[in-house]
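A short write-up of the structure that comes next.
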Amino acid sequence: MAMRFSSVRPEAQYLDFVVEEKVFTRLCSSKSMLVVNGSFPGPVIKVQKGDTVYVNVHNRGTSGLTMHCQR
């Protein structure tokens, strides 16, 4: 019986997020929303167990913000 083990090494990922307000128009209605790097929802971050992620957030909105991550 052959067994395979993953030899993935932990990596560091460096990300830059630019948060800003953008106006979207849908069905004749306009709304201002916060977007990350120009898109909503924001980008997906894919990591492996053991990786380290550094996120540099540039808040260009008019209010303070809180970032939330899920696993």
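A short reminder: the numbers here are calculations on the coordinates, not readings from a lab. All values reported here derive from a predicted model rather than from experimental measurement.
Please list, or write none, the aspartates and glutamates whose alpha carbon is within less than 18 Å of the alpha carbon of K31, excluding same-chain residues fewer than 8 places away.
Within the straight-line cut-off, K31 pairs with E20, E21.
What is the Å³ per residue value for the convex hull set by the Cα atoms of the chain?
Spread over its residues, the Cα hull of the chain gives 133 Å³ apiece.
What are the extents of the Cα atoms of the stretch 18-59 along their three principal axes, listed from largest to smallest and rounded to whole Å?
In descending order, the Cα extents are 46, 20, 9 Å.
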